[in-house]
Each structure stands twice: as C-alpha cells, then as structure tokens.
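A quick write-up on the structure given underneath.
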Protein chains: 2
Amino acid sequence: AIATPALAQAMPEVRWRAASSFPRVFDVLYGTFDRICARVAQLTEGKFRIQPFPAGEIVGGLQVLDAVQAGTIEAGHTASYYYLGKEPAFAPFTAMCFGLNTRQMTAWFRYGGGNELAAELFREYNIHAITAGDTGAQMGGWFRNEITSVEQLRGLKFRITGLAGQLFTRLGAAPTLIAPADIYPSLERGVIDAAEFVGPHDDERANYVRVARFYYAPGFWEPGARLHFISNQRAYAALPDLYKHALDVACAEADSDMVARYDHLNPQALRRLVAAGAQLRFWPRPVLEAAWRANEEMVADISRQNARFARVMESYNRFRGDQFQWFRIAENSYDNFAFSAAQTVR
Amino acid sequence: AIATPALAQAMPEVRWRAASSFPRVFDVLYGTFDRICARVAQLTEGKFRIQPFPAGEIVGGLQVLDAVQAGTIEAGHTASYYYLGKEPAFAPFTAMCFGLNTRQMTAWFRYGGGNELAAELFREYNIHAITAGDTGAQMGGWFRNEITSVEQLRGLKFRITGLAGQLFTRLGAAPTLIAPADIYPSLERGVIDAAEFVGPHDDERANYVRVARFYYAPGFWEPGARLHFISNQRAYAALPDLYKHALDVACAEADSDMVARYDHLNPQALRRLVAAGAQLRFWPRPVLEAAWRANEEMVADISRQNARFARVMESYNRFRGDQFQWFRIAENSYDNFAFSAAQTVR
C-alpha cells in the first residue's frame with residue numbers, strides 16, 4: 001500500500017460545534033450523531049471537524065433548532081416534530097400517525113418530494129437540513145392497566161407528546177407533558193397511567209417495566225421517526241463543496257445504519273424485558289380504527305387552518321396511498337407468511 | 001462561499017475499470033453502480049475515478065467475479081449468488097428463500113456478523129466486498145396459467161435460477177435456464193410456462209404481461225436481493241485510506257438509496273401493468289407451506305455437504321429467528337393495520 005497523502009494545505013480547517021436533542025445514555029440516538037461527525041472528519045482527513053455535544057451540555061434538547069437558527073452553534077441533530085409549536089408542518093418530516101414507515105419515508109424524502117418540501121420550510125429558519133437516521137416502528141408505550149376498549153382511553157393520563165398527544169385528546173385521553181426524568185416516579189405513584197418513549201432498546205434503560213408492565217404494540221403514531229442533521233445556512237454555504245458532499249453522504253449512511261442498529265438491539269432488549277415481567281399486548285382493533293378516524297379528522301382540521309401543512313400533507317398522503325397499496329403486494333405478503341412460518345408450518 | 005480548494009497534488013490519480021452484472025436498460029440495478037462511481041469521484045475531487053461498464057461491454061454479466069479475481073478489471077457490481085456454482089455459501093449474501101428482508105439484511109451484515117462472514121469467503125477469491133444496494137421484496141413472476149395448488153407446480157417449466165431453482169425442483173417443477181433475451185419468445189410459444197425476474201419496474205420493460213398475464217406475489221425466494229461492490233484485493237489495498245472510506249460510504253448510501261428508488265418506481269409500474277392486463281395473484285398458502293418445508297430440507301441437505309454454507313446459515317438463521325420474532329411485534333403489526341386501513345376503516 002502506498003502512504004496516505006495529506007489533503008492540500010489549501011483545504012481550510014473548519015471547526016463546528018453541534019448539539020444533539022438526545023443525551024448520551026440513548027446510545028443509538030446520540031451515537032448516530034457521533035458517527036456522522038466521525039465520518040465527516042474521516043472523509044476530510046480531519047480538516048472539517050464537527051464536535052458533537054449531547055443534549056443539555058451546550059443547549060437543551062428542544063432548543064437545538066433555535067440555537068442553529070441563531071448561529072449560536074453551527075449544527076445539530078434533532079427531530080423536526082419537536083418544533084411543531086412553531087409550525088405544524090414540521091411534524092410530517094419526523095413521523096405522522098398512521099404515516100409512512102421507515103423505508104417509505106426514505107423514498108418520500110429522496111424521490112417523492114419530501115426533501116424539497118422540508119428544505120423550503122427549514123430555509124425560513126435559516127437552516128439547511130438533511131435526513132439522518134430513523135428509529136423504525138416504535139412501541140406504543142407502557143401502561144399500568146390493560147386497554148381492552150376505546151372507552152378505557154377516557155381520562156387516561158398518558159405521557160405522550162406532539163400531534164400524537166392531540167390525537168389522544170380526540171380519543172378522550174388526557175395526555176400530559178412530563179420531563180423524562182419524572183416519568184418513572186410519576187408512573188410509580190400513579191400520577192400518570194401510561195408513558196411512551198421509543199422501543200425496547202431505549203425503553204429498557206428507563207426501566208418502566210417495573211412500574212407499568214403492559215407493553216403495547218405498535219406505536220401507530222410513530223411508524224418510524226426520522227431525524228435531521230441541521231446546519232446554520234450561512235455556515236453551510238461557506239463550506240467547500242467537498243465538505244458539503246462529505247456531510248451529505250455521512251447522513252445518507254445514517255439513514256440505513258441507525259435503524260440497522262435498532263433492528264439488531266431491539267430483539268435482545270425485548271427478550272430481557274419480557275423476562276423482567278413485561279406483558280406484550282397489541283392494540284385492540286377498535287382502538288386502532290378509532291385512532292385512524294380521529295387522525296383523518298385531525299389532519300383535515302389542521303390543514304384547514306394551515307396552508308403549508310395542507311400542502312405537505314397533500315404530497316405525503318398521495319405518496320402514502322401509492323406505498324401502502326404496493327407494499328401489500330410483495331413486501332407485506334412476504335412478511336406475513338415468513339415471520340410466523342417457523343411457528344405455524346409443520 | 002469560499003472557493004473550493006483542490007486536493008493536494010500529492011493525492012494520486014487512480015483510475016479503475018469496473019463492470020456491472022446488469023445492462024443499462026435496468027436503470028436502477030445499473031444506475032446504482034453508476035451513482036456509486038460518481039459519488040466516489042465527487043468525494044475525491046475526481047482523483048479516484050471508477051469507470052462503470054454495463055454487463056457485456058468488457059465482461060459478461062456473470063463473469064464479473066472472475067474478472068475481478070483475476071485483476072482483469074479492478075472492480076464490479078454484482079450479486080454474489082450468481083457464483084453459487086463455485087461455492088453455495090455465496091447464496092445467502094444475496095438472498096435466501098424465506099430469508100431476511102431488506103432491512104433485516106442490512107442489520108445482519110453490519111451488526112449480526114454477515115459482513116465478516118462474507119469477507120472471509122470473498123478473500124479466498126482475492127476480493128474485497130462491500131454491500132451496495134438492494135431490490136426490496138421481489139415479485140414471484142409471470143405465469144401463463146393460474147397456480148391454485150402444489151400439484152399444479154408439477155412439471156411446470158419455470159425460468160428461475162440458483163437455489164430457488166433447486167427449491168422448485170424439490171416441489172416437482174422443471175426449472176429451466178434461459179437467457180434473458182429468450183424469455184419473451186419462449187413464454188409466447190409455450191416453451192416455458194412461467195418466468196420470474198425482479199419486480200414491476202424491471203418486469204415492465206420486458207413486457208412479459210403480453211404473454212403470461214398472471215403475476216404472482218411475493219417472490220418468496222428473494223425477500224430482497226443484496227448487491228455487492230467487489231474490488232480486486234490488491235487494487236483495494238493500494239488505495240489511500242481516504243479513497244477506501246469514500247468507496248465504503250458511497251456503498252452504504254446505495255444500501256438505502258437503491259431500494260428507495262424501487263419503492264418510488266414500483267407502484268407506478270404496477271399500476272401500468274395492471275392496466276395492461278396483469279392479473280395479480282397471491283401464492284396459495286399450501287404452496288407457501290410446501291415451499292417452506294422444502295427449503296428447510298434443502299438448507300439442511302446443503303449444510304451436511306458443505307461446512308462453510310452450514311456455518312453461514314447458522315449465523316443467518318439465528319439472526320433470522322430474532323428478527324422475525326421482533327418484527328412481528330411493532331413493524332408488522334403496524335403495517336398490517338395501516339396498509340389496509342384506508343380501504344377497511346369507515
């Protein structure tokens with residue numbers, strides 16, 4: 001092998017500081033960000049260094065967009081739906097209730113117009129955004145009691161955020177916002193009845209199984225949650241093309257790598273959770289149907305009030321119609337037989 | 001923006017010639033290869049140029065591995081199962097009957113030991129291999145007549161290759177090897193009864209719908225087909241680290257990008273195929289069950305004869321067990337409800 005040559009002296013040293021919306025303890029969520037930064041450094045032989053900070057170290061987890069917009073930090077790794085208070089159209093770029101699953105989201109962003117619609121919105125916040133990782137379909141959270149009917153959702157104090165919170169309000173529940181650190185004691189003392197987070201790998205760390213043993217599937221409000229790597233537009237524009245390409249491709253890698261890590265880790269975590277007493281439950285079909293109807297109404301209501309949300313959802317739902325129909329033919333018919341065959345075919 | 005600086009004069013100019021196993025007409029299969037080469041050039045400012053050739057221009061589509069092994073060309077983009085005649089263990093690195101789906105394959109390669117097992121095998125052929133793109137679950141092909149029972153497979157002249165061909169032999173069919181250009185006339189004249197290729201987007205180009213209108217789902221022998229970018233080991237070892245990283249990350253990008261293109265294009269193609277007369281059919285459950293059993297026997301038989309195949313399949317099947325169980329909980333329960341809800345919930 002020949003010696004590795006150094007990049008030209010002419011290549012500028014660029015140093016960015018960047019914040020994640022996630023603390024280090026969530027090693028896939030935070031770790032994906034860490035790997036993107038490492039890959040960018042590797043592809044530029046250390047000339048472009050993005051220093052990653054976990055949530056709370058230099059900015060709070062939900063202040064990442066504000067800090068990048070203001071230029072306090074150059075970049076961040078976050079979920080756009082954290083900012084739906086500013087603009088509801090931020091929601092579908094992360095996840096929608098009964099929306100596109102992980103693979104379908106990638107197709108929508110890259111080939112269905114999703115990236116262009118997201119760019120248009122982020123630009124108004126002085127931000128350049130790239131998709132960068134996904135969780136896969138999430139779990140529906142931890143419940144102190146079984147949910148066997150829609151009626152049992154009435155008054156349910158459920159720790160859940162964002163549009164999904166609004167959806168559960170429409171279903172009669174009482175969604176509450178509780179800081180992550182307070183979820184466990186609140187469940188233990190019965191201040192809340194249920195709480196959702198991500199999936200087995202992350203949920204295991206929080207140890208909710210000890211205080212709320214019914215573990216529901218699926219998290220129909222997050223059939224995937226897509227993250228974005230966001231950069232201050234002025235900082236991004238100043239990058240040499242090579243550094244922009246390095247960042248783009250590192251984020252594209254994260255789109256498949258993050259969910260692959262979850263797919264590897266979740267089965268092991270789920271086994272341990274079940275051994276620790278978790279009772280797996282699927283949502284009763286009437287609950288899913290009521291939620292589907294409530295979601296259709298919610299999307300229609302927000303669309304009437306917000307033209308941008310309406311325009312994003314028009315693209316999203318057209319794409320969803322095509323994807324849902326096609327996936328039933330090959331992908332889902334395969335999965336349905338194969339996933340259960342080892343148990344059912346003798 | 002500051003001017004883009006050039007890479008150091010010290011960075012070596014590297015020129016490779018590389019061959020695809022696919023002709024240009026299959027624009028996603030061949031196009032993925034084209035994009036990998038373009039991305040590598042972009043990430044090295046044109047210093048590392050891989051010139052892509054379609055199948056047949058400098059080497060035949062099924063001779064890519066031989067040519068790379070011999071060093072006639074430096075690299076190629078191919079499916080490892082084309083070479084199972086040399087070694088059956090090449091098969092599971094592309095696809096297995098009733099095997100891992102696209103997302104699960106990515107997880108197995110990166111975190112379940114798949115990449116290490118593949119590297120060990122390719123090394124014996126003087127080759128460095130990286131996963132680089134996937135088709136998603138394929139269709140089951142075009143049939144002149146409906147298949148309503150296992151009995152109807154008996155004697156069926158089915159154009160299908162590889163381990164899937166062996167599987168159909170065990171089911172009583174008569175798999176035949178026919179060059180792609182001859183499939184259409186053979187179907188038309190009834191020389192064969194059925195033929196499979198990939199999925200709607202690629203199948204549409206071949207126009208099989210005119211001569212065999214029953215279109216079966218799913219292609220249970222290819223729940224995804226993973227491609228590899230293969231490099232001659234000596235050529236790869238001589239690359240500066242930066243060029244190796246550029247190639248790695250370009251291929252990682254292809255792992256999500258190729259299937260995203262298919263997911264975008266397949267629904268449109270399927271609509272046109274149905275409009276042109278395609279009759280969609282799902283395999284009857286008894287056919288799937290017979291195939292599942294025949295596959296288990298086939299894998300056991302080959303494993304008894306070939307220790308390496310046995311070792312790869314041991315890893316693969318252990319991972320498959322975990323993945324199939326976990327995917328039923330969140331991912332598949334979500335898909336099953338959501339994909340059909342627009343039609344079923346009122």
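The values are calculated or read from the model by the stated rules, or taken from the named source; none is laboratory data. These numbers come from a predicted model, not from an experiment. Note: ideal-geometry Cβ built from the backbone for every residue, glycine included; neighbour counts use all protein chains shown. Heads up: the accessible areas ignore ligands, DNA and RNA and are worked out on the full protein's heavy atoms, side chains in. Shrake-Rupley method; radii C 1.70, N 1.55, O 1.52, S 1.80 Å.
Overview of results
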quantity: Residue list for the range A:265-301, restricted to those being in contact with a helix residue (DSSP H, G or I) (Cβ under 8 Å, 6 or more places away or on another chain), more than 17 Å from A:Phe143 (Cβ to Cβ) and at the interface with chain B (Cβ under 9 Å from one of its Cβ atoms); calculated: A:Leu265, A:Asn266, A:Pro267, A:Gln268, A:Arg285, A:Glu289, A:Trp292
quantity: Number of the condition not met by A:Gly277 [criteria: (1) surrounded by fewer than 15 Cβ atoms within 10 Å (Cβ to Cβ); (2) assigned to a helix (DSSP H, G or I)]; calculated: (2)
quantity: Residue tally, condition in a helix (DSSP H, G or I) and either more than 10 Å from every other protein chain (Cβ to nearest Cβ) or open to solvent by 10 Å² or more (accessible area, probe 1.4 Å) (or both), over the range B:83-105; calculated: 8
quantity: Members of the range A:302-330 that are away from chain B (no Cβ under 14 Å) and charged (D, E, K, R); calculated: A:Arg304, A:Arg308, A:Arg311, A:Glu314
quantity: Hits in the range A:22-74 (condition: assigned to a helix (DSSP H, G or I), charged (D, E, K, R) and either within 12 Å of chain B (Cβ to nearest Cβ) or touching a residue at least 24 places away in the same chain (Cβ under 8 Å) (or both)); calculated: A:Arg35, A:Arg39
quantity: Hits in the range B:167-188 (condition: under 25 Å from B:Gly61 (Cβ atoms) and in a loop (DSSP other than H, G, I, E, B)); calculated: B:Ala173, B:Leu177, B:Ile178, B:Ala179
quantity: Condition broken by A:Gln268, with the remaining ones in (1) more than 23 Å from the chain's Cα centre (by Cα); (2) open to solvent by 40 Å² or more (accessible area, probe 1.4 Å) satisfied; calculated: (1)
quantity: Single match in B:Ile192, B:Ile183, B:Ile160 (criterion: closer than 20 Å to B:Asn101 by Cα and more than 14 Å from chain A (Cβ to nearest Cβ)); calculated: B:Ile160
quantity: Qualifying residue in the range B:61-72 (condition: hydroxyl-bearing (Ser, Thr, Tyr) and buried (at least 17 other Cβ atoms within 10 Å of the Cβ)); calculated: no
quantity: The one condition in (1) open to solvent by less than 20 Å² (accessible area, probe 1.4 Å); (2) within 11 Å of chain B (Cβ to nearest Cβ); (3) touching a Ser or Thr at 6+ places or on another chain (Cβ under 9 Å) that A:Gly113 fails to fulfil; calculated: (1)
quantity: Qualifying positions in the range A:282-316 - hydroxyl-bearing (Ser, Thr, Tyr) and open to solvent by 20 Å² or more (accessible area, probe 1.4 Å); calculated: A:Ser303
quantity: Subset of the range A:119-157 [away from chain B (no Cβ under 14 Å), farther than 30 Å from A:Arg213 by Cβ and over 15 Å from the mean Cα position of the chain (by Cα)]; calculated: A:Ala119, A:Glu120, A:Leu121, A:Phe122, A:Arg123, A:Glu124, A:Tyr125, A:Asn126, A:Ile127
quantity: Selected residue [aliphatic (A, V, I, L, M), more than 14 Å from B:Cys97 (Cα to Cα) and under 23 Å from the mean Cα position of the chain (by Cα)] from B:Val312, B:Val299, B:Val274; calculated: B:Val312
quantity: Selection from the range B:223-247 of residues that are facing another protein chain (nearest Cβ under 9 Å) and either open to solvent by 10 Å² or more (accessible area, probe 1.4 Å) or in a strand (DSSP E or B) (or both); calculated: B:Ala237, B:Ala238, B:Asp241, B:His245
quantity: Residue count for the range B:155-170, restricted to those that are in contact with a Leu (Cβ under 8 Å, 6 or more places away or on another chain) and charged (D, E, K, R); calculated: 1
quantity: Enumeration of residues in the range B:126-166 that are surrounded by fewer than 19 Cβ atoms within 10 Å (Cβ to Cβ), in contact with a helix residue (DSSP H, G or I) (Cβ under 6 Å, 6 or more places away or on another chain) and part of a loop (DSSP other than H, G, I, E, B); calculated: B:Asn126
quantity: Pair list, Cβ < 9 Å and 6+ apart or interchain, from the range B:276-305 residues that are touching a residue at least 60 places away in the same chain (Cβ under 8 Å) to residues that are open to solvent by 20 Å² or more (accessible area, probe 1.4 Å) and among the acidic types (Asp, Glu); calculated: B:Ala276/B:Glu204; B:Gln279/B:Glu146; B:Arg281/B:Glu146
quantity: Subset of the range A:179-193 [in contact (Cβ under 8 Å) with a residue 12 or more places away in the chain and open to solvent by 30 Å² or more (accessible area, probe 1.4 Å)]; calculated: A:Pro180, A:Tyr184, A:Glu188, A:Val191, A:Asp193
quantity: Checklist (1) of a type outside the set (A, V, I, L, M); (2) more than 24 Å from B:Ala107 (Cβ to Cβ); (3) within 12 Å of chain B (Cβ to nearest Cβ); (4) open to solvent by less than 10 Å² (accessible area, probe 1.4 Å) applied to A:Ser80, failing item; calculated: (3)
quantity: Residue in the range A:208-221 that is open to solvent by 20 Å² or more (accessible area, probe 1.4 Å) and within 8 Å of chain B (Cβ to nearest Cβ) present; calculated: no
